[in-house]
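The structure appears right after this line, and notes come after that.
What follows draws every value from the coordinates through simple rules; no lab data is involved. The structure presented is a predicted model; accordingly, all values stated were derived computationally and were not measured. Here Cβ is always computed from backbone atoms with ideal geometry, including for glycine, and neighbour counts include all displayed protein chains.
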2 protein chains.
Amino acid sequence: MEIFEATEDNYGGVTVNMKKEEPMDSHKFHTMLMASISNWRQKGKKGIWIKLPIELAHLVEAAVKEGFWYHHAEATYLMLVYWIPETPHTLPANASHRVGIGALVLNNNGEVLVVKEKSGKSTGIWKLPTGVVEEGEDICMAAIREVQEETGIETDFIEILAFRQSHKSFFGKSDLFFICMLKPLNFTIHKQNAEIEEAQWMAIEEYSAQPKLNKSELSKNIAKICLAKKDNEYTGFSAVLTTTGLSAKNCYLYSNK
Amino acid sequence: MEIFEATEDNYGGVTVNMKKEEPMDSHKFHTMLMASISNWRQKGKKGIWIKLPIELAHLVEAAVKEGFWYHHAEATYLMLVYWIPETPHTLPANASHRVGIGALVLNNNGEVLVVKEKSGKSTGIWKLPTGVVEEGEDICMAAIREVQEETGIETDFIEILAFRQSHKSFFGKSDLFFICMLKPLNFTIHKQNAEIEEAQWMAIEEYSAQPKLNKSELSKNIAKICLAKKDNEYTGFSAVLTTTGLSAKNCYLYSNK
């Protein structure tokens, strides 16, 4: 009986990478899947992963019928998983958090770079430039990118002043939001038109005194930290590029230097 | 022509929540989907979301044929999405990060709580208790939970000493790892048997001098921070419970007090 080719991992699991270039009807897929599971069971395998390209969406049903469930999905594929042992599974969790940044950019006159957004919950408030950290992007780099995109101001990353974690923010996922301090390298604003209504330099005291801003305890707390930072009375976490593990993979460590 | 019931969002999108209690054959689903998209297009709708319970896996293929792609998936459902306008989509990204913690638990003798794991990359090294922050769980609470589960030691959360971000850690996702300082409330270790080989209190100098640990630049840096903390020469980020937005949702802000 034909079975699937699979790569083994260090946790007693196997992964089948289905290829969109090798289409298969669902009957053949189902037959091979049953034979494969029987084989993996004999070998004492535990977690069974199937990465199914979206082009093979017609095979999802057959896998689910065999007891597979969804682990995660990206635009181009669905990852299905199955647990052979009778014991509760110890499979790793899916990504649980989205990560965002807010940027405190202070010039030498004690003014902060602020924007008004065209849509969303914060229209009418002067706020720090914000954005989403992309998969694979460093927090410090995301802050520099967002400020440049929204206002045309180039910056150097200085430190992370604070962060907040909140829950059930989107599709039940949790959310981490890092306030980053950046140093501007130029001062003439060229705002982005798609999302930004207005952008300007504003006295930080004026920014932090906005009544609408102060309706949120969190925003009030963050504004206080920004004021303390302006007066050099606050130390955040600096970024140090280091390496991790025996493979010496690059990563940033953020800490109080 | 029958069309799907859908809820509208603030961004010009609509969401169809398919019900597992209301099964439908794929032909009917496809017909209704085409009629619905035509209706939403006339109304100027942009993003179209379909939440499909795993029990309706037989409908995935029809949605993909109509141009839908995968946004994300959890164990029990698949979220499909489609963008009607001709312009590039502005749909929100999927969760991009997994979040973990490592716990520095120091007793009054300058000893640190360390464990040896039964499997994984770090066997043979005395390491800080670590674990994954669950969706919806606060980082400070996750640290307390993991220490209790692995060693039986109850703790109070003190502060976050540092964190690192790395990429391509699992299924291409990024990873945030927070080093948390905790204060032990009891001292007799009851180790968990499933994952933990050994657990003990160890002089922090002995912990940080382990040759295997020092092969990783990151671990070396973290051990330095732990040593500085033991000597009261380091300040991390404390947790303050606050509220965000007009809905006054609870959240933790981590900052230098």
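In table form, for the structure just shown:
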read-out: Dipole of chain B, positive direction: furthest Cα of B:Q148, B:G131, B:N256, with charges on the beta-carbon; value: B:N256
read-out: Within region A:13-75: Cβ-based charge dipole about Cα centre, in debye rounded to nearest 20 (Lys, Arg +1; Asp, Glu -1); value: 400 debye
read-out: Selection of GluC sites (Glu not before Pro), region B:80-142, meeting DSSP coil and at most 15 other Cβ within 10 Å; value: B:E86, B:E134
read-out: Tail weight of P(r) past 21 Å, computed on alpha-carbon pairs of region A:6-83, percent; value: 20 percent
read-out: 29 Å Cα-Cα threshold exceeded, pairs from A:K51/B:K51; A:K46/B:K19; A:K127/A:K173; A:K173/A:K215; A:K118/B:K173; A:K43/A:K65; value: A:K46/B:K19; A:K118/B:K173
read-out: Loop-located trypsin sites (Lys or Arg not before Pro) in region A:87-121, at most 16 other Cβ atoms within 10 Å (DSSP); value: A:K118, A:K121
read-out: Low-density loop positions, trypsin sites (Lys or Arg not before Pro), region A:1-94 - DSSP coil, at most 13 other Cβ in 10 Å; value: A:K19, A:K20, A:K43
read-out: Proximal aspartates and glutamates relative to B:K229, as straight alpha-carbon distance under 14 Å, when same-chain residues fewer than 8 apart are discounted; value: B:E111, B:E159, B:E205
read-out: 3J(HN,Hα) from dihedral phi, region B:107-124, Karplus parametrisation 6.51/-1.76/1.60, rounded to Hz, x for glycine, proline; value: 8, 6, 8, x, 9, 10, 7, 10, 9, 10, 8, 6, 9, x, 6, 10, 4, x
read-out: Helical mean residue ellipticity (222 nm; -39500 (n - 2.57) per DSSP H run of 4+; nearest 500) of the protein assembly as shown; value: -6500 deg cm²/dmol
read-out: Per-residue Cβ neighbour rank within 10 angstrom, fewest leading, A:S247, A:S122; value: A:S247, A:S122
read-out: Order of B:W40, A:W126 - criterion: other Cβ atoms within 10 Å of each residue's Cβ, fewest first; value: A:W126, B:W40
read-out: Convex hull per residue volume in Å³, alpha carbons only, for the protein assembly as shown; value: 167 Å³
read-out: Distance from region A:38-58 to region A:121-179 (C-alpha centre basis), Å; value: 38 Å
read-out: Chain A: projected area of the alpha-carbon convex hull, averaged over directions, in nm²; value: 18.4 nm²
read-out: Assigned charges on the beta-carbon of Lys, Arg, Asp, Glu; the protein assembly as shown dipole about Cα centre (debye); value: 340 debye
read-out: Principal-axis tilt of helix B:26-42 within chain B, Cα atoms, nearest 10 degrees; value: 90 degrees
read-out: Nearest-20 debye value, chain B charge dipole, Cβ charges on Lys, Arg, Asp, Glu; value: 720 debye
read-out: Mean-position separation - Cα centroids, region A:217-257 and region B:212-257, in angstrom; value: 10 Å
read-out: Residue exposure sequence - B:Y11, B:Y254 - by fewest surrounding Cβ within 10 Å; value: B:Y11, B:Y254
